[in-house]
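K.L.:
Below you will find the structure I want to go over with you.
The values are calculated or read from the model by the stated rules, or taken from the named source; none is laboratory data. A quick note: this is a predicted structure, and the numbers were derived from the prediction, not measured. FYI the Cβ positions are ideal-geometry reconstructions off the backbone, even for glycines, and counts take in every protein chain you see.
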Amino acid sequence: MHKREIEMKKWGKVLCELGFFGLGAVEEAIVAALITGDPLLMIGKHGTAKTAVCREVAKVLGLEFNAYDASKALFDDVVGYPSPKALTEGRVEYLESPVTLWNKSFVLIDELSRANPQMQNKWLEVIRSHTLMGVPLKKLRYVFAAMNPTNYVGAMQLDEALVTRFAFIVDVPDIHQMVREDAISAIHNVGEDDARELGMEISGRPGNGPIHERLKHEIEERMKQARSRLVKIDSRFGKAIEEYVLSYSMELDERGLYLSFRTMGMIRRNILVYLAMDGGDFKNLMDAEHVIRRAMAVSLPFKASGIEMPGNEIMELIHQSALDEACSSMQIKSGKNIPRGRFAGIMGRSMEGMADLGLDEQFLVVNSIIENHAKAQPKDLPKNTEILTSVCRSLNEFGVKTAPEVTEHLFDHAAAALGIVDVRGQDFVEVQKEMKRFNAGSPERCRLVRTALIRTNPDFDDYRDIDETVTLLRQIDEEAKQ
């Protein structure tokens, strides 16, 4: 079974028992939000059970719940009417009603992206501060929100100031993004609001009573255990996670993506909570990398604002660079003892999408992989030769997707990053052997071979013509046969 499948099987069981399938990542984020009390935003297509999930979770926990349609709710209804008696006494109080916020402990602000900007802003203090008109909502514990993707007709991008009030922003998958087993279960299931006249046994609606009591105990036990681990997790990994978040934000800032200090603080807290929920028994930070990835997947605010993110290859490099900074702060190296075969695999996977990137970004891919995975040092020539061989192999396999001159520049850049310039001796036999795998009859490949030979041995500086390079390669082949 794939590692990610094993990880996600830890999550989703509670929601499955409530009739919601394929929502492992959503359940994990919900439990994290219940632990911290921080706001959570769900983004999903219509009919993905966003509202129903929140209602059922609140019911399991025994919390007073109400869902507000942000596109329709009048704020006067949410606040309520002033109490005449209180006014005569010189006080401002509001009368409670079934729709006012004053007596709610769990609220969902639904259709948030369909509310006009003025109405969105009125929810700001409720989401972040649990206040209304400056008055504390003493009973309110949890604020969740839901919206359709920003490309929906009628949906608007959320203001960045509003988005950054949410600590967790989680994608809710539709049925076509689920594994087959979950999709079939979702089709078979009928929700609480459906087929009311058929009866529970025929409709397939999940039961209440004992099942809710059991699930409440299960959720509360998870929350209790995670909270008990947090102090130890923070003591052990807190400083390293700070380095990770700071480095991550700086890499994003270079690409025009800004993270506020508040958002960075929430991301740090999210990661620590995810580590605590996962058990906290990690040998080191690299052992916890898969959990950090899951936490980051629900912590970045940009998708709710419709801001375009860099491609997966660049985001992976940003993660690896930040992780390396964090590991360095704990005096461990994220790329320590990575075998040549594994490094080649990392190199290959990261370069698969390079044809779609600009030249500067392609340089970043090669350079960052070398720095973050291989920890290359100019004086460590034998090791760097092995790394460069892996670079050659990956360029050989994936270079066909890029222009020949780009491939040449990339190799040249990689060699320079590894400190391989004008070095004599037998250290580079492996590189030369790898270069011989290229088709000597192809002018495009010969240009790359020429660059490699010039980089690895100054004796080849005079061989700048393609035909002469081919002749030289044939001589090398003959020498190898002898």
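K.L.:
When you check Leu108 against the structure, is it surrounded by 14 or more Cβ atoms within 10 Å (Cβ to Cβ), over 20 Å from Glu27 (Cα atoms), in contact with a strand residue (DSSP E or B) (Cβ under 9 Å, 6 or more places away or on another chain) and not basic (Lys, Arg), yes or no?
P.N.:
Values: surrounded by 14 or more Cβ atoms within 10 Å (Cβ to Cβ): yes; over 20 Å from Glu27 (Cα atoms): no; in contact with a strand residue (DSSP E or B) (Cβ under 9 Å, 6 or more places away or on another chain): yes; not basic (Lys, Arg): yes.
It is false that Leu108 is surrounded by 14 or more Cβ atoms within 10 Å (Cβ to Cβ), over 20 Å from Glu27 (Cα atoms), in contact with a strand residue (DSSP E or B) (Cβ under 9 Å, 6 or more places away or on another chain) and not basic (Lys, Arg).
K.L.:
Restrict the check to the stretch 220-234 and report whether at least one residue is closer than 26 Å to Val53 by Cβ, β-branched (Val, Ile, Thr) and either in contact (Cβ under 8 Å) with a residue 40 or more places away in the chain or in contact with a strand residue (DSSP E or B) (Cβ under 8 Å, 6 or more places away or on another chain) (or both).
P.N.:
The answer is no; no qualifying residue exists.
K.L.:
Limited to the stretch 247-265, what total is found for residues that are hydrophobic (A, V, I, L, M, F, W, C) and either crowded, with 17+ Cβ neighbours inside 10 Å or more than 20 Å from Ser329 (Cβ to Cβ) (or both)? Steps first, please.
P.N.:
Of the residues in the stretch 247-265, the ones hydrophobic (A, V, I, L, M, F, W, C) are 250, 252, 257, 259, 261, 264.
Cutting the leftovers down to either crowded, with 17+ Cβ neighbours inside 10 Å or more than 20 Å from Ser329 (Cβ to Cβ) (or both) gives us 252, 257, 259.
Total satisfying the criteria: 3.
K.L.:
Ser97 versus (1) at pLDDT 95 or above; (2) over 30 Å from Met277 (Cβ atoms): which is the lone unmet condition?
P.N.:
Among (1) at pLDDT 95 or above; (2) over 30 Å from Met277 (Cβ atoms), Ser97 violates only (1).
K.L.:
Of the residues that sit in the stretch 25-50 and are surrounded by fewer than 22 Cβ atoms within 10 Å (Cβ to Cβ) and closer than 19 Å to His290 by Cβ, which one is modelled with the lowest pLDDT?
P.N.:
Looking at the filtered set, the residue picked out is Ala25.
K.L.:
Could you list, in sequence order, the residues of the stretch 93-115 that are of a type in the set (S, T, N, Q) and touching a residue at least 24 places away in the same chain (Cβ under 8 Å)?
P.N.:
Just the residues of the stretch 93-115 that are of a type in the set (S, T, N, Q), to begin with: 97, 100, 103, 105, 113.
Answer for the stretch 93-115, where residues must be of a type in the set (S, T, N, Q) and touching a residue at least 24 places away in the same chain (Cβ under 8 Å): Asn103, Ser105, Ser113.
K.L.:
Do the conditions hold for Ser113, that is, is it surrounded by fewer than 18 Cβ atoms within 10 Å (Cβ to Cβ), at pLDDT 85 or above and assigned by TED's automatic domain parsing to the domain that holds Asp76?
P.N.:
Values: surrounded by fewer than 18 Cβ atoms within 10 Å (Cβ to Cβ): no; at pLDDT 85 or above: yes; assigned by TED's automatic domain parsing to the domain that holds Asp76: yes.
Judged against the criteria, Ser113 is not a match.
K.L.:
Okay, next question. Of all residues in the stretch 230-273, how many are within 21 Å of Val163 (Cα to Cα) and of a type in the set (Phe, Trp, Tyr)?
P.N.:
3
K.L.:
If you don't mind, there's one more thing I want to ask. For the stretch 133-179, which residues satisfy the criterion of being of a type outside the set (D, E, K, R), more than 22 Å from Gly24 (Cβ to Cβ) and under 19 Å from the mean Cα position of the chain (by Cα)? If you could, list the steps in order and put the result at the bottom.
P.N.:
Residues of the stretch 133-179 that are of a type outside the set (D, E, K, R), as a first pass: 133-137, 140, 142-158, 161-164, 166-170, 172-173, 175-179.
Restricting the remaining residues to those that are more than 22 Å from Gly24 (Cβ to Cβ) gives 133-137, 140, 143, 150-158, 161-164.
Thr150, Val163, Thr164, listed by residue number.
K.L.:
Count, please, the residues in the stretch 197-232 that happen to be modelled with pLDDT of 65 or more and more than 31 Å from the chain's Cα centre (by Cα). Before you say what the answer is, go through the steps one by one.
P.N.:
Just the residues of the stretch 197-232 that are modelled with pLDDT of 65 or more, to begin with: 197, 210-232.
Remaining after also requiring more than 31 Å from the chain's Cα centre (by Cα): 197, 210-214.
Looking only at that region, the number is 6.
K.L.:
With the checklist (1) modelled with pLDDT of 90 or more; (2) under 26 Å from Gly80 (Cα atoms); (3) surrounded by 15 or more Cβ atoms within 10 Å (Cβ to Cβ) in hand, flag the one item Lys139 doesn't pass.
P.N.:
(3)
K.L.:
Still on this structure, I have one more. Within the stretch 285-311, track down each residue that is in contact (Cβ under 8 Å) with a residue 60 or more places away in the chain and of a type in the set (D, E, K, R).
P.N.:
Hits for the stretch 285-311 are Arg294, Lys303.
K.L.:
Still on this model: Does Ile169 satisfy the criteria of being at pLDDT 95 or above, surrounded by 12 or more Cβ atoms within 10 Å (Cβ to Cβ), touching a helix residue (DSSP H, G or I) at 6+ places or on another chain (Cβ under 9 Å) and not in a helix (DSSP H, G or I)? First the steps, then the outcome.
P.N.:
On the way: at pLDDT 95 or above: yes; surrounded by 12 or more Cβ atoms within 10 Å (Cβ to Cβ): yes; touching a helix residue (DSSP H, G or I) at 6+ places or on another chain (Cβ under 9 Å): yes; not in a helix (DSSP H, G or I): yes.
When the stated conditions are applied, Ile169 passes them.
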